[in-house]
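I have placed the structure first, in the form of structure tokens, so that the comments after it can refer back to it.
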Amino acid sequence: MRHRPSKARIRIAAVMCSVLMISAFWGKPAFAEEEEGGFFDWLFEWFDSSTDSADETRYEGATDNDVAQAAQDLTAEISILRDELGVFDYPAEAELQEDRTPVHVYAKTLEVLSKVVRAQRRFGVAEAESRQIPFKEVDSGDVLANINYIIDEIRKIKSQMIIEREIEPATVAGGVSPSYAYKSLADASFLLDGLGGRPLTPNDVYGNCLSILDELELIANELDVPMDLDLPEVNEEKNPKEVAQQVLRATYKVINLQTRLGMDASGVPSLTLVRVTPSEVYDSTNMLLAEMARIKFHLGVNEQRAERPEPSGRTPKDSFALVLGIIRNLDTMSAGIRT
């Protein structure tokens, strides 16, 4: 799906230009002299809300095929950037994950966005804004909007590095599922490792586990269930595979909670747990964040968690303890819900 500026956006821009030209010629009108709440404040607020509305309309009716095409376009943009900058590492290839839904794909876009920000930082480009899963039933239009946002951020790096080479827009056969786009985004994530300077690390996994715990606290507050933030003591060192095993346990606990809440429970991700790196563990924690977003929407929890600073010096042992804490609190929540 190719998008040009909507007529609504063009009209809005024309009105804004006209008003600004008039104000430049005649001066600020008398009724706009108030410090707050004046005409110009109202006008800019109206413009912002109208722009948001135009953006929402722009992606109405988007399909899984549109998302898959955009995901492949993103991968192509990253590949051009790698080629032109001489990045020739051998990235891993993502495995196909089944039963992904738009909210899971959106969660994957956030991982990709975090790596784009890292690349922007490395190349001296203004960093993209951080985002969270929106408070709504995420659909293909939401995912498409975020992928296109990421493509624009990649193109900022290309512009900074004076790379004019353009992609050939992708074409995707009909009838693809969100899982198809999910794999393309996972491949894009691996490609970005070479641009950002490093792959994902235990620090990234730990940060995601903290975010899950923060989301659980918001859910616990809504359910009026106490949260236990004291983490169990883990004496032995752990490896990424052991952390992934506990994340899988937590996934089963989330499915149990969703069932007790009367939700349509998600399926268990198809994790092989053979060769496990921090990237695979991060991916599985991202899926838990997507499930937290689904539960919050079901309960009407319209509150975002606070952003935390990036952690440092963390090991799989630290994440292992956090996931055990997540499991403990999921059990407490499920036990506190009468079916």
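Okay, residues lined up against (1) among the hydrophobic types (A, V, I, L, M, F, W, C); (2) over 21 Å from the mean Cα position of the chain (by Cα); (3) part of a helix (DSSP H, G or I):
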site: Thr285; (1), (2), (3): no, no, yes
site: Leu289; (1), (2), (3): yes, no, yes
site: Asn302; (1), (2), (3): no, no, no
site: Ala321; (1), (2), (3): yes, yes, yes
site: Gly325; (1), (2), (3): no, yes, yes
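Taken together, the residues in region 126-144 that are over 17 Å from Ser211 (Cβ atoms) and touching an Asp or Glu at 6+ places or on another chain (Cβ under 7 Å) amount to 4. The set of residues in region 126-162 being open to solvent by 30 Å² or more (accessible area, probe 1.4 Å), over 27 Å from Glu303 (Cα atoms) and in contact with a Phe, Trp or Tyr (Cβ under 7 Å, 6 or more places away or on another chain) consists of Gln160, Met161.
Within region 129-158, can you find the residues that are in a helix (DSSP H, G or I) and either of a type in the set (Lys, Arg) or at positive phi (or both)? Can you show your working first?
Of the residues in region 129-158, the ones in a helix (DSSP H, G or I) are 140-158.
Arg155, Lys156, Lys158 - these are the residues of region 129-158 that are in a helix (DSSP H, G or I) and either of a type in the set (Lys, Arg) or at positive phi (or both).
The residue that is farthest from Asn302 (Cα to Cα), among those in region 214-240 that are over 22 Å from the mean Cα position of the chain (by Cα), open to solvent by less than 60 Å² (accessible area, probe 1.4 Å) and of a type in the set (A, V, I, L, M), is Val234. Scanning region 57-67 for residues that are polar (S, T, N, Q) and either in contact with a Cys (Cβ under 9 Å, 6 or more places away or on another chain) or closer than 14 Å to Ala181 by Cα (or both), we see that the one that is surrounded by the most Cβ atoms within 10 Å (Cβ to Cβ) is Asn65.
Conditions (1) open to solvent by less than 50 Å² (accessible area, probe 1.4 Å); (2) β-branched (Val, Ile, Thr), marked per residue:
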position	(1), (2)
Glu242	no, no
Val247	yes, yes
Ala250	yes, no
Thr259	no, yes
Ser284	yes, no
Met287	yes, no
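Cβ separations smaller than 8 Å between residues 6+ apart or across chains give the following pairs from region 220-247 residues that are within 17 Å of Asn208 (Cβ to Cβ) to residues that are of a type in the set (S, T, N, Q) and open to solvent by less than 80 Å² (accessible area, probe 1.4 Å): Lys238/Thr315; Lys238/Ser319; Pro240/Thr277; Val243/Ser319; Ala244/Ser284; Val247/Ser284; Val247/Thr285. Of the residues making up region 163-213, those that are acidic (Asp, Glu) and either surrounded by fewer than 16 Cβ atoms within 10 Å (Cβ to Cβ) or within 22 Å of Asp139 (Cβ to Cβ) (or both) are Glu164, Glu166, Glu168. Out of region 77-134, which residues are farther than 22 Å from Tyr180 by Cβ, modelled with pLDDT under 90 and hydrophobic (A, V, I, L, M, F, W, C)? If the condition is that a residue be farther than 22 Å from Tyr180 by Cβ, modelled with pLDDT under 90 and hydrophobic (A, V, I, L, M, F, W, C), then Val87, Phe88 are the ones that fit.
Looking only at region 68-79, residues that are open to solvent by less than 10 Å² (accessible area, probe 1.4 Å) and either in contact with a strand residue (DSSP E or B) (Cβ under 7 Å, 6 or more places away or on another chain) or of a type in the set (A, V, I, L, M) (or both) come to 5 in all.
The values are calculated or read from the model by the stated rules, or taken from the named source; none is laboratory data. None of the values given here were measured: they were computed from a predicted structure. Reconstructed Cβ throughout: ideal geometry from the backbone, glycine too, with neighbour counts over all protein chains shown. Side chains included, ligands, DNA and RNA excluded: accessible areas come from the protein's heavy atoms. Shrake-Rupley method; radii C 1.70, N 1.55, O 1.52, S 1.80 Å.
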